[in-house]
1. Give the residues of segment 141-181 that are touching a Leu at 6+ places or on another chain (Cβ under 7 Å) and loosely packed, with under 15 Cβ neighbours inside 10 Å, sorted by residue number.
2. Does segment 371-380 contain any residue that is among the polar types (S, T, N, Q), surrounded by 16 or more Cβ atoms within 10 Å (Cβ to Cβ), out of contact with any His (no Cβ under 9 Å at 6 or more places or on another chain) and not assigned by TED's automatic domain parsing to the domain that holds residue 338?
3. When you scan segment 469-527, how many residues do you find that are more than 20 Å from residue 605 (Cβ to Cβ), touching a residue at least 60 places away in the same chain (Cβ under 8 Å) and of a type in the set (Gly, Ala, Ser)?
4. Only one of (1) small (Gly, Ala, Ser); (2) under 27 Å from residue 458 (Cα atoms); (3) surrounded by fewer than 20 Cβ atoms within 10 Å (Cβ to Cβ) is not met by residue 314, so which one is it?
5. All but one of (1) over 25 Å from residue 536 (Cα atoms); (2) not assigned by TED's automatic domain parsing to the domain that holds residue 529 hold for residue 420, so report the exception by its number.
6. Any residue in segment 543-555 that's within 11 Å of residue 580 (Cα to Cα): show its pairings with residues that are of a type outside the set (A, V, I, L, M) at Cβ separation under 6 Å, as long as the two are six or more apart or on different chains.
7. For segment 554-609, which positions are crowded, with 19+ Cβ neighbours inside 10 Å and of a type in the set (D, E, K, R)?
8. Say whether the condition of being touching a strand residue (DSSP E or B) at 6+ places or on another chain (Cβ under 8 Å) and of a type outside the set (Gly, Ala, Ser) is met by at least one residue in segment 372-380.
Amino acid sequence: MAPALSSFATPLTPEHAQQLEALLATLSPEEVLWVSGYLAGMTRQLRPAVAVPAAVAATAPPLTILYGSQTGHAAELAKHMAKLAQQNGLTARAVDMAVFRPPELKQVRHLAVLVSTYGDGKPPDLAANFYEFLHSRKAPKLEGVKFAVLGLGDSTYVNFCQTGKDFDVRLEALGAKRVHERAVCDLDYRAEAGAWIETVLGKFAQEMKDGAESSPGLRISAGDASSVLTTQAGSELIDLQHPFPAPILDSIVLNGRGSDKETRHIELSLEGSGLVYEPGDSLGVVVENDPAVVDELIQALRLNPEEPVPDGTGDVPLATALARHYEITTITPRFVERYAEVADAAQLRSLVRPEHRTDLFAYLHGRHIIDLVEEFPSGGFDGKTFVGMLRKLQPRLYSLASSPAAYPGEAHLAVAVVRYQSHGRMHKGVASGYLTERRSNDDTVLVYRERNENFRLPTDGATPIIMVGAGTGIAPFRAFLQEREAVGGTGRSWLFFGDRRFRTDFLYQIEWQRFLKDGALSRMDVAFSRDQENKIYVQHRMMERGKDIYAWLENGAALYVCGDANRMAPDVHEALLAIVAQEGQMSREQAEEYVQRLQQEKRYQRDVY
């Protein structure tokens, strides 16, 4: 009998070693011989981009790549980094913080952390436990550990990439040493993240040589990182780099007459695309800026609309670049900092100082770039300089409101149309304006699928589900119920829905009534905040039904939340903690542990924005 793998020095994780041992135990000697030959052949085909000395590969501690991800971007980057490391002869593994066992941290010697920031400064849901452990008194000393941190975030938030910054500071405080400076990436993260990964892997490779003086320098070759990072899994060919022109089949206003909101139900055709999605996924929409806003901005800056400027692949006229390639509405602190210099605006230079950060975000509230340009006019730069201050125009993600099992070849969206008066002009949402005002039936929009593995129906269709959504946060739950009805799921379902007014804002009301009648939906509670003097929201309805919610959870139900990340989602979370504490007769700390277990078991999932 062969000795256990644990008796050898091995780059395998304990889980992989156990799986391999279990497989080998079932094989005959002839089958083992065949497998060894097959694996040897695979090894010859890998042809790593750099030759790592055998002594280094055998003795170097593995590189652990920990990731914390809310929507999947940090996870995809981490897996790409691990694959790239392995292709270059390094031992590496990518591990979700949700499943990483804190005691393992004592054995780590080379650590890369890739983590996003959720909302305004919080760790991703599934990374919260590890984040809290690392910042607690239980965290071990990490002398001898080499690390690097990459943060993902959105610079329109005050606490931009705060989770990445927190990890970086805490690891150093615990005694670990950086191999490379922290990087913080905005929404257009792909190029910067790809360059960081390439540089950091090169530095880790040098560290992992372990003093072998005869070893040649190691060079990491990343190839086309942006392509790797955006291509979707499976056989589909549709991704961010290759979106599909989807015809608009229908665009229907969901609100009743007299509503002070406009919400559109938009149906798109995916026929012929080969695009496959699951309930819980989002649809990425490639958008364009309003031509009227483009013209207004160019005139305010006194620039030439035909001036050639870079768009990332070459030069195009300024008007085209601003319409299709750059974010020209939302103001970021980085834009203010750059504009303050070229406009020689002392007030703006003062606002971007760290001690005035709160004042800066108060100033930015409700303003678009055109507002700032008109308040602080400057004609001292050209179009190329101006676009160098801007972020790239990002696709907008919408939670899919349909199940492919119920509507094959289609994708449905619930779109809240953004319009508001501020600083003397009407401001409109880039994406909602594009979809509802500048596109109509039979026009096409460029789309792709954005996976969301952290917002999935239970694999067992008999599992009860509780769904909490407000406004367009109802979209994925329409898809969930369609899916369950189409595939014959038998589990009970309970929907909490909130909006402003029953008469005008009960989105998809007829469909919910049909689901209730047919049994696909077991229960429904609604909260219409403006129908009475005291505003009532979904979290209030949850508190009223706390006993039943806790009973459902104790019987294995999964809870889903979709909606606003700034107010609705935190309020619902607090209500859940209060329900668990009260009905389970627990302390606050025990209730938090209960809810954390739900998250770890993927029985509490959130899709918030």
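1. 141, 175
2. From segment 371-380, those among the polar types (S, T, N, Q) are 378; that's our starting set.
Those still in the list that are surrounded by 16 or more Cβ atoms within 10 Å (Cβ to Cβ) too: 378.
In the following step, the residues that additionally are out of contact with any His (no Cβ under 9 Å at 6 or more places or on another chain) were identified as 378.
With not assigned by TED's automatic domain parsing to the domain that holds residue 338 added as a condition, the list becomes none.
No, the conditions are met nowhere in segment 371-380.
3. 1
4. (2)
5. The failed condition is (1).
6. What qualifies is 546/583; 547/583; 550/583.
7. 603, 606, 607
8. Narrowing segment 372-380 to residues touching a strand residue (DSSP E or B) at 6+ places or on another chain (Cβ under 8 Å): none.
For segment 372-380, residues touching a strand residue (DSSP E or B) at 6+ places or on another chain (Cβ under 8 Å) and of a type outside the set (Gly, Ala, Ser): absent.
The values are calculated or read from the model by the stated rules, or taken from the named source; none is laboratory data. For clarity, every value in this text was computed on a predicted model and none was experimentally measured. Reconstructed Cβ throughout: ideal geometry from the backbone, glycine too, with neighbour counts over all protein chains shown.
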